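J.: Mind looking over this structure? Questions follow.
The values are calculated or read from the model by the stated rules, or taken from the named source; none is laboratory data. Not measured: the values here are computed from a predicted model. Cβ: placed from backbone, ideal geometry, glycine included. Neighbour counts: every protein chain shown. These accessible areas exclude ligands, DNA and RNA; they are computed on the full protein's heavy atoms, side chains included. Shrake-Rupley method; radii C 1.70, N 1.55, O 1.52, S 1.80 Å.
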Amino acid sequence: MMDGTMNERSLPSTQDGWRQILTPEQFHILREQGTERAFTGKYATTKERGVYRCAGCGAELFGSATKFESGTGWPSFFEPISEEAVALTTDHTYGMERTEVTCACCGGHLGHVFADGPRPTGQRYCMNSAALALEPAPD
């Protein structure tokens, strides 16, 4: 499992390489665009302060100050830590058109973004807990 210290130069270049550093659940979500079941992820209801990093490469993705309770069963944020932290692409799976959110550093699948979030952005970045690693804020 990732500890948030990996850098771009040491990212795996193959699926087998990713399998060696990720848990099976992390691999399924980050590398196979999987989704964890609602209300099962460890960050779905956490209120702990800190920075949410990519579980694959350790890149900073979301600050806890942007996390909100969406009632969906997945951790939700109203904006990423920076515009450059995530990449957005159109996803046509399951007969729907959605916007997929991936880590801009390693390309790992994080979840989807929807236009039904709170102010100030109106966005709901609905992420998979297994794709994230919370770095707690210092006391």
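J.: Cβ-Cβ under 9 Å, sequence separation 6+ or interchain: first residue in the stretch 71-86 and farther than 16 Å from Ala131 by Cα, partner among the β-branched types (Val, Ile, Thr). Which pairs?
T.: Phe78/Thr66; Phe78/Thr121; Glu79/Thr66; Glu79/Thr121
J.: Output the residues belonging to the stretch 67-100 that are outside any loop (DSSP other than H, G, I, E, B) and in contact with a Pro (Cβ under 8 Å, 6 or more places away or on another chain). Don't jump to the end; show me each part of the working.
T.: Filtering the stretch 67-100 down to residues outside any loop (DSSP other than H, G, I, E, B) leaves 67-68, 76-77, 86-91, 93-95, 98-100.
Within the stretch 67-100, Lys67, Phe68, Val86 meet the criteria.
J.: Whether any residue in the stretch 119-139 is touching a Gly at 6+ places or on another chain (Cβ under 7 Å) and free of Cβ contacts under 8 Å to residues at least 24 places away in the same chain is what I want to check.
T.: For the stretch 119-139, residues touching a Gly at 6+ places or on another chain (Cβ under 7 Å) and free of Cβ contacts under 8 Å to residues at least 24 places away in the same chain: absent.
J.: Would you tally the residues in the stretch 101-115 being in a loop (DSSP other than H, G, I, E, B) and not aliphatic (A, V, I, L, M)? Outline the logic, then answer.
T.: Step one: of the stretch 101-115, the residues in a loop (DSSP other than H, G, I, E, B) are 104-108, 115.
With not aliphatic (A, V, I, L, M) added as a condition, the list becomes 105-108.
Qualifying residue count for the region: 4.
J.: Let me ask something else. For the subset of the stretch 1-45 comprising residues that are at negative phi, touching a strand residue (DSSP E or B) at 6+ places or on another chain (Cβ under 7 Å) and part of a loop (DSSP other than H, G, I, E, B), which member is modelled with the lowest pLDDT?
T.: Within the stretch 1-45, the match that is modelled with the lowest pLDDT is Met2.
J.: Being farther than 21 Å from Glu36 by Cβ, open to solvent by 30 Å² or more (accessible area, probe 1.4 Å) and at pLDDT 95 or above narrows it down to one of Glu79, Glu97, Glu135, Glu69, so name that one.
T.: Values: Glu97 fails: at pLDDT 95 or above; Glu135 fails: farther than 21 Å from Glu36 by Cβ; Glu69 fails: farther than 21 Å from Glu36 by Cβ.
One residue alone meets the criteria, Glu79.
J.: Right, another one. Read through the list (1) more than 18 Å from Arg119 (Cβ to Cβ); (2) surrounded by fewer than 17 Cβ atoms within 10 Å (Cβ to Cβ), then give the number of the only condition that Ala85 fails.
T.: Failed condition: (2).
J.: Go through (1) open to solvent by less than 50 Å² (accessible area, probe 1.4 Å); (2) in contact (Cβ under 8 Å) with a residue 60 or more places away in the chain; (3) under 24 Å from Pro12 (Cα atoms); (4) in contact with a Gly (Cβ under 9 Å, 6 or more places away or on another chain) for Thr35 and report which single condition fails.
T.: It fails just one condition, (1).
J.: Right, Tyr52: at pLDDT below 95 and either over 11 Å from the mean Cα position of the chain (by Cα) or part of a strand (DSSP E or B) (or both) or not? Walk me through how you get there before you give the answer.
T.: Values: at pLDDT below 95: no; either over 11 Å from the mean Cα position of the chain (by Cα) or part of a strand (DSSP E or B) (or both): yes.
Against the criterion (at pLDDT below 95 and either over 11 Å from the mean Cα position of the chain (by Cα) or part of a strand (DSSP E or B) (or both)), Tyr52 does not qualify.
J.: What residue, among those in the stretch 116-132 that are touching a Ser or Thr at 6+ places or on another chain (Cβ under 9 Å) and assigned to a loop (DSSP other than H, G, I, E, B), is surrounded by the fewest Cβ atoms within 10 Å (Cβ to Cβ)? Don't jump to the end; show me each part of the working.
T.: Within the stretch 116-132, the subset touching a Ser or Thr at 6+ places or on another chain (Cβ under 9 Å) is 116-118, 121, 124-130.
From what is left, the residues that are assigned to a loop (DSSP other than H, G, I, E, B) are 116-118, 121, 128.
Working: Asp116: 12, Gly117: 20, Pro118: 14, Thr121: 15, Asn128: 28.
Across the stretch 116-132, the extreme among qualifying residues is Asp116.
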